[in-house]
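The values are calculated or read from the model by the stated rules, or taken from the named source; none is laboratory data. From a predicted model like this one, the values you see are computed outputs, not experimental measurements. Don't worry about glycine lacking a Cβ; one is built from the backbone with ideal geometry, like all the others, and counts go over all protein chains shown. The area values use the complete protein model at the heavy-atom level, side chains included, leaving out ligands, DNA and RNA. Shrake-Rupley method; radii C 1.70, N 1.55, O 1.52, S 1.80 Å.
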Amino acid sequence: GESVGLHLPTLSVQEGDNSIINCAYSNSASDYFIWYKQESGKGPQFIIDIRSNMDKRQGQRVTVLLNKTVKHLSLQIAATQPGDSAVYFCAEKSGGSYIPTFGRGTSLIVHP
Amino acid sequence: KAGVTQTPRYLIKTRGQQVTLSCSPISGHRSVSWYQQTPGQGLQFLFEYFSETQRNKGNFPGRFSGRQFSNSRSEMNVSTLELGDSALYLCASDKGFGTDTQYFGPGTRLTVL
């Protein structure tokens, strides 16, 4: 497959470890946040979302935490697997805006 | 429910040519957005169509255009191709309301020689 990004922040973990991917956002009016996973050669895939009236939301092996005070979003992946290796993007939307703003992405590398 | 589909998946063109990319949204989705993704610039928003009308537009030259049909399918066109247009072009669809999540297609990889 082809790389979706160069010079991205990279997180390397061992299989079975927990991973934490961070994202800072700048718009204090943002009220909806999404995490996407993009594997090499594929389009971004929706993972989990959270609205600003929540500070934590859990999915299957993933948890998103939102800290509005410092405008910070994180994605936690439990028991990381080699199949989790991908680029992870956060995205934010504000005030009913139709178009999300995407972060640059973080490359997660999981070593067997 | 079928996901977003894009055709073709790969294209090779030469400078000066034009190209048309196609996107079929998820059934029931009325909004289609297009993005350009490159290693250097990341995901950049091109434009969004809703009910056959361009509702939002990014900061790209007029060589980039699009349209949406009554069945919500969308096409984008790039005229007078430049080397810098080589990128992954992604289409995303959603229901068209501000609180919706966008779902992406697999992309069209365009290479301009």
Within the stretch B:30-66, can you find the residues that are more than 14 Å from chain A (Cβ to nearest Cβ), surrounded by fewer than 15 Cβ atoms within 10 Å (Cβ to Cβ) and either charged (D, E, K, R) or in a strand (DSSP E or B) (or both)? B:GLU52, B:ARG63
Can you tell me how many residues within the stretch B:67-91 are part of a loop (DSSP other than H, G, I, E, B) and within 14 Å of chain A (Cβ to nearest Cβ)? 1
If I ask for residues that are of a type outside the set (D, E, K, R), facing another protein chain (nearest Cβ under 8 Å) and closer than 24 Å to B:GLN17 by Cα, which ones from the stretch B:92-113 would you list? B:PRO106, B:GLY107
Would you tally the residues in the stretch B:68-85 being under 22 Å from A:THR101 (Cα atoms) and either exposed (fewer than 13 other Cβ atoms within 10 Å of the Cβ) or not acidic (Asp, Glu) (or both)? 2
When residues of the stretch A:51-67 are filtered for being within 14 Å of chain B (Cβ to nearest Cβ), in contact with a Phe, Trp or Tyr (Cβ under 8 Å, 6 or more places away or on another chain) and either under 22 Å from A:SER40 (Cβ atoms) or not polar (S, T, N, Q) (or both), how many remain? 2
State whether the residues of the stretch A:68-81 include one that is more than 14 Å from chain B (Cβ to nearest Cβ), open to solvent by 40 Å² or more (accessible area, probe 1.4 Å) and under 30 Å from B:TYR10 (Cβ atoms). yes
I'd like to check something: does the stretch A:57-65 contain any residue that is of a type in the set (A, V, I, L, M), over 15 Å from A:GLY105 (Cβ atoms) and open to solvent by less than 10 Å² (accessible area, probe 1.4 Å)? yes
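Each row is one residue, and each column tells you yes or no for (1) among the acidic types (Asp, Glu); (2) within 26 Å of B:VAL4 (Cα to Cα); (3) within 14 Å of another protein chain (Cβ to nearest Cβ); (4) without any contact (Cβ under 8 Å) to a residue 12 or more places away in the chain.
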position	(1), (2), (3), (4)
A:LEU11	no, no, no, no
A:SER19	no, no, no, no
A:SER28	no, no, no, no
A:TYR36	no, yes, yes, no
A:GLY43	no, yes, yes, yes
A:PHE46	no, yes, yes, no
A:GLY105	no, yes, yes, no
A:HIS111	no, no, no, no
